[in-house]
Structures are given as structure tokens and as C-alpha cells.
1. Looking only at segment 16-35, filter to residues that are hydroxyl-bearing (Ser, Thr, Tyr) and in a helix (DSSP H, G or I); which one of those is nearest to the chain's Cα centre (by Cα)?
2. For segment 4-42, how many residues are surrounded by fewer than 10 Cβ atoms within 10 Å (Cβ to Cβ) and among the charged types (D, E, K, R)?
3. Only one residue in ILE38, ILE13 is within 13 Å of the chain's Cα centre (by Cα), touching a residue at least 24 places away in the same chain (Cβ under 8 Å) and part of a loop (DSSP other than H, G, I, E, B). Which one?
Amino acid sequence: MIMPKKNVANLTIQFSLEEKIILEEYCEKTQRTKSDVIREMVRSLKKYLDSSSSCNG
């Protein structure tokens with residue numbers, strides 16, 4: 001029996017063909033999935049938000 005994942009959301013993203021190729025080439029070079037790379041990019045945005053809010057406070 002497969003257990004369902006908790007706290008998971010699906011997202012559909014539209015890329016230009018050029019952006020898609022860049023992502024695919026990066027993933028192939030780093031041996032990572034597209035999902036993994038995009039999750040890391042989103043987490044980096046959180047770090048940016050945290051650091052910018054401390055500068056404004």
C-alpha cells in the first residue's frame with residue numbers, strides 16, 4: 001500500500017521554450033529533478049524575504 005504524502009501541493013508552471021531548455025540542461029548537468037531545482041529556488045526566495053524584512057524593521 002502506498003502512503004499518501006502529507007503537506008504536498010501541485011503547481012503547473014508555464015515556461016518559454018528557452019526557459020524550459022535551460023531548466024532541463026541544468027537538471028541533466030546536476031543530476032537533479034526539475035521539481036527539486038524549483039523547490040530549492042523557492043526556498044531561496046524565503047531566505048531573501050527573511051533578510052529583506054530584517055533590513056526594513
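1. Going through segment 16-35, the residues hydroxyl-bearing (Ser, Thr, Tyr) turn out to be 16, 26, 30, 33, 35.
If we keep only those that are in a helix (DSSP H, G or I) as well, we get 26, 30, 35.
Working: TYR26: 13, THR30: 14, SER35: 6 Å.
Within segment 16-35, the match that is nearest to the chain's Cα centre (by Cα) is SER35.
2. 5
3. ILE13
Readers should treat all values here as calculations from the given coordinates under stated rules, not as data from a laboratory. Owing to the predicted nature of the structure, the values given are computational and were not obtained by experimental measurement. All Cβ positions, even for glycine, are placed from backbone atoms using ideal geometry, and neighbour counts span all protein chains on display.
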